[in-house]
1. Applying the selection to segment 511-526, what residues are without any contact (Cβ under 8 Å) to a residue 60 or more places away in the chain and surrounded by 11 or more Cβ atoms within 10 Å (Cβ to Cβ)?
2. Looking at segment 314-340 only, could you name the residues that are in a helix (DSSP H, G or I), over 19 Å from the mean Cα position of the chain (by Cα) and within 16 Å of residue 302 (Cα to Cα)?
3. Give segment 110-131 a look and list any residue that's part of a helix (DSSP H, G or I), under 23 Å from the mean Cα position of the chain (by Cα) and surrounded by fewer than 24 Cβ atoms within 10 Å (Cβ to Cβ), or say none.
4. Of all residues in segment 461-511, how many are within 24 Å of the chain's Cα centre (by Cα) and in a helix (DSSP H, G or I)?
5. Taking the options 451, 442, 409, 458, name whichever one is free of Cβ contacts under 8 Å to residues at least 40 places away in the same chain and within 24 Å of residue 59 (Cβ to Cβ).
6. Answer yes or no as to whether residue 416 is on the phi < 0 side of the Ramachandran plot, modelled with pLDDT of 95 or more, part of a helix (DSSP H, G or I) and surrounded by fewer than 17 Cβ atoms within 10 Å (Cβ to Cβ).
7. Could we say that residue 195 is in contact (Cβ under 8 Å) with a residue 12 or more places away in the chain, in contact with a strand residue (DSSP E or B) (Cβ under 6 Å, 6 or more places away or on another chain) and part of a helix (DSSP H, G or I) here?
8. Residues of segment 46-58 being more than 16 Å from residue 32 (Cβ to Cβ) and buried (at least 24 other Cβ atoms within 10 Å of the Cβ), which ones?
């Protein structure tokens, strides 16, 4: 029943992991650079920033987008117990993404798109880099259309019933992303592509940045919400526990739909073209979006405590040690959760208008997001893969101890590296810092940079362990595994008994989200567009 979709799901996930491999290799080069060892010319790269562009684009765009498309297609079909509604859309999401990745990848490898993953104008890449990224975004729209049509088909066959929780979460995740992707789509299609094709001579950097960050912070939740689906609905089952409330989980995802988009201006606190009042409004909303993360922490920890106590854990904290830490799939997600709590706390520093001035554009910022997307997302995805790969291929997971090494090398590595990045940032070290070739350097950065080199190397070794397990399972596993399926956690308070009936009205929540975006961005954009500054020609710095 699922074979046609699963074949493309596998290849979509493999595409994501191919991007991750190259991306973490570039991460190793950056870590080594912090030890004043310049490897870029010896591996054929033109500059540190070319490697940094590969690292950013492949890790935070291609890897996450490709895995999410494959994983949530799989989750939706299994949750609703039916194949996806339109197989042609499953094909389109894969082929559009593949073509887009190839176009962008060729541009970056040819050093004609060394503009980092944020691609801020007036830095200017070749036109087919932007076209490639645009195709990747369009592929995600195909995924939403297919999930929405599949849910509609299920509803037609099950009148009066609530959509199963995992399919509901998948739908809301893609609704949030497609809604926020309008910002980056507008930037690329309306501003950047005409500029790079020579149809217009100049561009407005401030306007471009504003459209980018309309999408650019909400994209963090597009990376996170598929992992949240696992933490809420799969991890408790793997650990032996139960989720407390189905309606509360639905409410959390709807709150992310509404609150995660109108917060992008907190990335532009130092931009002179944005009036302070708009920054202040979105600073308040940034702290508001922390609220559903707090509910998530409560819900997931409660489910894990349920699991630990069911395994015999006593006292206030002893249940933690009863969790199956030896299972790499579980341990990876538990460590990912711990990293996300630390990353969330450091994120509040970035969200604060005043405190942000101390760490803005310093290495503190990548120290923060290597805990969130770099570990909470990436390590959790690795853990998910340890059951998903056997479920998709029918092969028993190969290299169980190597998988365990993957988790703990990554965990120790990110703890060391993020510590070094944060300390160096507080001491004023810029982000995107070419350490081995820098003319300007402070002694206070030496020890933190050493921590970054050590920690980054350990993370790379942990990543290599993951790929050893991946390749070993695909090519060397001789044992069949016909029993591994998608975990589905039992719920203590099911949907039918929940009082939050209004969570079923997804369309109304989408309307509310659009209204809040217009309130947060509309007045500023109307004012700014009355006197735009299309004055910057293109710049190729490297």
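The values are calculated or read from the model by the stated rules, or taken from the named source; none is laboratory data. Nothing here was measured: the structure is a model prediction, and the numbers come from that model. A quick note on method: Cβ atoms are made from the backbone with ideal geometry, for glycine too, and the neighbour counts reach across all protein chains shown.
1. Kept after step one, since they are without any contact (Cβ under 8 Å) to a residue 60 or more places away in the chain, are these residues of segment 511-526: 511, 515, 518, 522, 526.
511, 515, 518, 522 - these are the residues of segment 511-526 that are without any contact (Cβ under 8 Å) to a residue 60 or more places away in the chain and surrounded by 11 or more Cβ atoms within 10 Å (Cβ to Cβ).
2. 319, 320, 321, 322, 330
3. Of segment 110-131, the ones part of a helix (DSSP H, G or I) are 127-131.
Going one step further and asking which of them are under 23 Å from the mean Cα position of the chain (by Cα), we end up with 129-131.
Correct list: 131 only.
4. Going through segment 461-511 one residue at a time, the tally reaches 14.
5. Numbers: 442 fails: within 24 Å of residue 59 (Cβ to Cβ); 409 fails: free of Cβ contacts under 8 Å to residues at least 40 places away in the same chain; 458 fails: free of Cβ contacts under 8 Å to residues at least 40 places away in the same chain.
Just one listed residue meets the conditions, 451.
6. On the way: on the phi < 0 side of the Ramachandran plot: yes; modelled with pLDDT of 95 or more: yes; part of a helix (DSSP H, G or I): yes; surrounded by fewer than 17 Cβ atoms within 10 Å (Cβ to Cβ): no.
Spelling it out, it is not the case that residue 416 is on the phi < 0 side of the Ramachandran plot, modelled with pLDDT of 95 or more, part of a helix (DSSP H, G or I) and surrounded by fewer than 17 Cβ atoms within 10 Å (Cβ to Cβ).
7. Numbers: in contact (Cβ under 8 Å) with a residue 12 or more places away in the chain: yes; in contact with a strand residue (DSSP E or B) (Cβ under 6 Å, 6 or more places away or on another chain): yes; part of a helix (DSSP H, G or I): yes.
The answer is yes for residue 195.
8. Those that are more than 16 Å from residue 32 (Cβ to Cβ) and buried (at least 24 other Cβ atoms within 10 Å of the Cβ): 53, 57, 58.
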